[in-house]
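Asker: Here's a structure for you.
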């Protein structure tokens, strides 16, 4: 029987662990957190705790053990957690780590758990809530639709640029049917389309300004009309770089890049997300730049916008992972 269906609201699980000095040593070796409050007896005795206390996350790490081995066990993807650390944990404390299922979300195959850690005196030391996605074992029932069965299809934004062309051709060689988006260069888009068709794959072209939400929606709608479910969105959109020193720049120089990278990404992702959510699967790839880590003189507006895009992706990835969608 499907593991997600077996789980019921009110299901409980618990494990026990006694904190040892060796636990703390291993945690320090692994994380590098050698705060004296945790490892120095002389330092700790002059604090309100009188002796070293264990790292809060050391105790909380056993919540991961509970999720991974008990509830729900194999196939659990722990993607969200909030915690309150109420009392300190010390060497010798015997902890009981427990969890109870509070909510289930069938569409995303996720559950919400309330978690609690108490010590040997039944004092609550840590509490919080957890969100966990149940990953389906596709081998259990080969008749079920799984992400692997979704056709290899991709929408490539900015396909006529150098990176966009290379990605489109590589995907086509790997068996992908594609929709090639372009902004102005129709001639190059048609040439790329012909090359992909020669490789034996389907290729469609569409123009549009992703900074306009209606046009972004039309691009996505067109893609699904032509190819059905879109497995992957690859956003290669970028503007030409016009090198300039900071003293010669005005805010408009930044704004045009930020609108392209952030507003454009917002529009195209928000347009395709409902389709991917309905399939509980999708891949979104955003192209940033090495110049974030190794800046190039005169590229300030471009690098700033790509840095903002990098932060945008990291924050959004956390939200959509529960919907079966990966953002890279």
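Please treat every number below as a calculation from the coordinates, not as lab data. Being a predicted model, the structure only gives us computed values, none of them experimental. As a convention, Cβ positions derive from the backbone with ideal geometry for all residues, glycine included, and neighbour counts pool all protein chains shown.
Asker: Let me have the relative contact order for the chain, percent, based on Cα pairs under 8 Å that are six or more residues apart.
Answerer: About 13 percent, as a whole number.
Asker: Taking 0.36 nm per residue of separation and subtracting the Cα-Cα distance, what length does fully extending residue 285 through residue 61 add?
Answerer: 77.5 nm
Asker: Rounded to two decimals, what is Rg over Rh for the range 3-134 when you use alpha-carbon atoms and the Kirkwood radius?
Answerer: 1.03
Asker: Cα axis of helix 56-69 to longest principal axis of the chain: angle in degrees, 0 to 90, nearest 10?
Answerer: Once rounded, one gets 70 degrees.
Asker: For labels at residue 239 and residue 135 in the simple 7 Å Cα→Cβ model, what's the distance in nm?
Answerer: Result for the modelled spin labels: 4.0 nm.
Asker: Looking only at Cα atoms, what is the convex hull volume of the range 12-81 per residue, in Å³?
Answerer: So the per-residue hull volume is 118 Å³.
Asker: Now, a different point. Just the number, please: percent antiparallel of the DSSP beta bridges in the chain, rounded to the nearest 5.
Answerer: Percent antiparallel among DSSP bridges in the chain is about 65.
Asker: Want the number for residue 318 to residue 18: 0.36 nm per residue separation, take away the alpha-carbon distance, what's left?
Answerer: That pair, residue 318 and residue 18, stretches by 104.8 nm at full extension.
Asker: I'd like to compare 225-231, 6-12, 178-184: which one has the highest average count of other Cβ atoms within 10 Å, and what's the full order after that?
Answerer: Ranking, from highest mean packing down: 178-184, 225-231, 6-12.
Asker: I would also like to ask the following. Cα-based Rg of the range 147-327 per 2.2 N^0.38 Å, rounded to two decimals?
Answerer: Taking the Cα Rg and dividing by 2.2 N^0.38 Å, one obtains 1.03.
Asker: What base-10 log of the normalised intensity I(q)/I(0) is obtained for the range 208-288 from the Debye formula, alpha carbons as equal point scatterers, at q = 0.20, 0.24 Å⁻¹?
Answerer: -0.88, -1.15
Asker: For residue 152 and residue 297, what is the calculated FRET efficiency with R₀ set at 45 Å and r taken between the beta-carbons, to the nearest 0.05?
Answerer: After rounding to 0.05, the efficiency reads 0.65.
Asker: Let me ask something else. For Rg and Dmax of the Cα atoms in Å, several values are listed as (1) 25.4, 76; (2) 22.0, 75; (3) 20.3, 60; flag the one computed from this structure.
Answerer: So the structure-derived entry is (1).
Asker: If each DSSP helix of 4+ residues adds -39,500 (n - 2.57) and the sum is divided by the residues in the chain, what number results at 222 nm, nearest 500 deg cm²/dmol?
Answerer: -11500 deg cm²/dmol
Asker: Using only Cα atoms, tell me the angle between helix 300-320 and the longest principal axis of the chain; keep it within 0 to 90° and round to the nearest 10.
Answerer: For helix 300-320, the angle is close to 60 degrees.
Asker: Further question: Estimate the FRET efficiency between residue 120 and residue 174 by the formula 1/(1 + (r/R0)^6), using the beta-carbon distance for r and 51 Å for R0, to the nearest 0.05.
Answerer: Efficiency for this residue pair is about 0.35.
Asker: By how many nm would the segment from residue 248 to residue 25 lengthen if fully extended, with 0.36 nm per residue of separation less the alpha-carbon distance?
Answerer: 74.8 nm
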